[in-house]
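Enquirer: Can you read through this structure? Questions will come right after.
The values are calculated or read from the model by the stated rules, or taken from the named source; none is laboratory data. Keep in mind it's a predicted model, so treat the numbers as computed, not measured. Counting neighbours? That spans all protein chains shown, and the Cβs are built from the backbone with ideal geometry, glycine included.
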Amino acid sequence: MVSERALFSSIKLLTKADCSCNDVLSCLYCLSPPEIDLLIVLLRANRQLTLENLADRLKRNKGTVFRALQKLVSLNLCNKSAKTREAGGYYHVYEAADIDIIENITKQRIADVQLALTRIKRKIRHDIIKMKLSSRPVV
């Protein structure tokens with residue numbers, strides 16, 4: 001669950017005049033600065049990279065990079081595929097999702113947020129009156 005402070009901070013970031021792409025990614029996908037750095041490395045690489053390559057480029061341990069990759073994959077911002085080794089076995093490679101895909105899913109997230117805010121806007125007066133009339137004790 002997102003704390004009230006984090007939510008306010010996200011709204012403040014998104015509504016500032018010079019809101020950056022990093023701000024949008026941070027707010028809409030709950031990405032940390034190191035996770036955004038990983039996405040940037042993947043976008044700039046224009047090729048598939050292994051966990052080891054990424055950990056070296058970012059100067060982070062493989063466990064941290066692996067968790068960030070899992071998050072990016074689950075958000076469809078990154079693709080993961082398996083490659084077969086000639087000697088047997090396999091390994092995974094990662095690449096950024098296509099820019100059109102990232103743009104489309106981000107636009108959809110923005111539309112979802114707009115819809116949620118519209119619902120809140122429609123019922124805010126009713127909710128405030130309900131709070132005023134509530135017999136629930138204030139903590």
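Enquirer: Among the residues of the range 94-127, write down those that are in contact (Cβ under 8 Å) with a residue 40 or more places away in the chain and either surrounded by 13 or more Cβ atoms within 10 Å (Cβ to Cβ) or over 26 Å from T50 (Cβ atoms) (or both).
Expert: Once the filter is applied, which keeps residues that are in contact (Cβ under 8 Å) with a residue 40 or more places away in the chain and either surrounded by 13 or more Cβ atoms within 10 Å (Cβ to Cβ) or over 26 Å from T50 (Cβ atoms) (or both), the range 94-127 yields Y94, E95, A96, T106, R109, I110, V113.
Enquirer: Conditions first: (1) under 17 Å from the mean Cα position of the chain (by Cα); (2) closer than 27 Å to Y91 by Cβ; (3) not basic (K, R). D56 passes all but one, so which condition is the exception?
Expert: Among (1) under 17 Å from the mean Cα position of the chain (by Cα); (2) closer than 27 Å to Y91 by Cβ; (3) not basic (K, R), D56 violates only (1).
Enquirer: So which residues in the range 12-39 are under 19 Å from I105 (Cα atoms) and loosely packed, with under 14 Cβ neighbours inside 10 Å, if there are any at all?
Expert: C19, S20, C21, C30, S32
Enquirer: Here's something else I'd like to know. Which condition number does N79 fail, the rest of (1) under 30 Å from L115 (Cα atoms); (2) assigned to a helix (DSSP H, G or I); (3) of a type outside the set (F, W, Y) being met?
Expert: Among (1) under 30 Å from L115 (Cα atoms); (2) assigned to a helix (DSSP H, G or I); (3) of a type outside the set (F, W, Y), the lone unmet condition for N79 is (2).
Enquirer: Does at least one position in the range 75-84 carry a residue that is surrounded by 11 or more Cβ atoms within 10 Å (Cβ to Cβ), without any contact (Cβ under 8 Å) to a residue 24 or more places away in the chain and under 14 Å from the mean Cα position of the chain (by Cα)?
Expert: No, the conditions are met nowhere in the range 75-84.
Enquirer: When you check I120 against the structure, is it at pLDDT below 95 and in contact with an Asp or Glu (Cβ under 9 Å, 6 or more places away or on another chain), yes or no?
Expert: For I120, the condition - at pLDDT below 95 and in contact with an Asp or Glu (Cβ under 9 Å, 6 or more places away or on another chain) - is met.
Enquirer: Considering only residues that are over 30 Å from V24 (Cα atoms) and of a type in the set (A, V, I, L, M), which ones fall in the range 70-104?
Expert: Of everything in the range 70-104, those that are over 30 Å from V24 (Cα atoms) and of a type in the set (A, V, I, L, M) turn out to be A82, A87.
Enquirer: Name the single residue that is modelled with the lowest pLDDT among those in the range 14-55 being within 15 Å of N79 (Cβ to Cβ) and not in a helix (DSSP H, G or I).
Expert: Applying the filter and picking the extreme gives N46.
Enquirer: For the range 88-139, which positions are among the polar types (S, T, N, Q) and part of a helix (DSSP H, G or I)? Please lay out each step first, then the result.
Expert: Here is the first cut: in the range 88-139, the ones among the polar types (S, T, N, Q) are 104, 106, 108, 114, 118, 134-135.
Within the range 88-139, N104, T106, Q108, Q114, T118 meet the criteria.
Residue by residue, here is whether (1) touching a Cys at 6+ places or on another chain (Cβ under 8 Å); (2) of a type in the set (V, I, T); (3) closer than 17 Å to A97 by Cα; (4) in the same structural domain as I110 (by TED's automatic domain parsing) holds:
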site: L25; (1), (2), (3), (4): no, no, yes, no
site: L42; (1), (2), (3), (4): yes, no, yes, no
site: Q48; (1), (2), (3), (4): no, no, yes, no
site: L54; (1), (2), (3), (4): no, no, yes, no
site: K62; (1), (2), (3), (4): no, no, no, no
site: F66; (1), (2), (3), (4): no, no, yes, no
site: L72; (1), (2), (3), (4): yes, no, yes, no
site: L75; (1), (2), (3), (4): no, no, yes, no
